[in-house]
Amino acid sequence: MKILIISATRENNYRLAKKIGGLLHADYKMITLEDYDLPLYIPGSDKADESVTSALVENFENADGFIFCAPEYNAGVPPILTNAISWITVSTRNWRDAFNEKKALIATHSGRGGHWFLSSFRDQLEYMGCVVHPRTISIHRNAEFNPESVGRILSSFLKLI
């Protein structure tokens, strides 16, 4: 079982991803999307460096499951995450190849809990064919990281895989 932990950013959500990785009792790889130099996806455009998109796609295709750590932006999914997913889906033979039938867990470190991100990103992942764990991890100004609670969520997530 190989888990890919994806942090959308290098700040709070990267720290959250590292904490989650430290509690995860499974083989995992952690990436941050800021390390992939992807231009804004524009339909019909092929301006992305193929070596960059290939590396990103390979990480997603080789994973059995995903843990996404991303902040809420304007009551939704952050642009860097949407952009990366767009490049992944247009860089595979069938646009769902990197996601279909894989398990996903969503986590966020956001100012007010990230409810809109958690909800809209769940819909997006399910549309792409992922089976999304029913529980989420939400860290915000009124809810600190709780290792015991997160550990229980991760244990349940691993059983799903």
Legend entry - Calculated from backbone phi, Karplus (6.51, -1.76, 1.60) coupling profile of segment 63-75 in Hz, x at Gly/Pro: 8, 8, x, 10, 10, 9, 10, 8, x, 7, 10, 6, 6
Legend entry - Unit charges at the beta carbon, dipole of segment 2-160: most positive-side option, PHE157, ASN100, ASN142: ASN142
Inset, instruction - Collect residues whose amide H, placed 1.01 Å from N in the peptide plane, falls under 5 Å from the amide H of HIS109; neighbours closer than 5 in sequence don't count. - result: ALA70, ILE139
Legend entry - Theoretical ellipticity at 222 nm over the chain - DSSP helices of four or more residues, -39500 (n - 2.57) apiece, nearest 500: -12500 deg cm²/dmol
Legend entry - Average projection area in nm² (convex hull over Cα atoms of segment 2-160, one quarter of hull surface): 8.6 nm²
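Each value in this text was obtained by applying a stated rule to the coordinates, not by laboratory testing. For clarity, every value in this text was computed on a predicted model and none was experimentally measured. Here the Cβ is made from the backbone with ideal geometry for all residues, glycine too, and neighbour counts use every protein chain on show.
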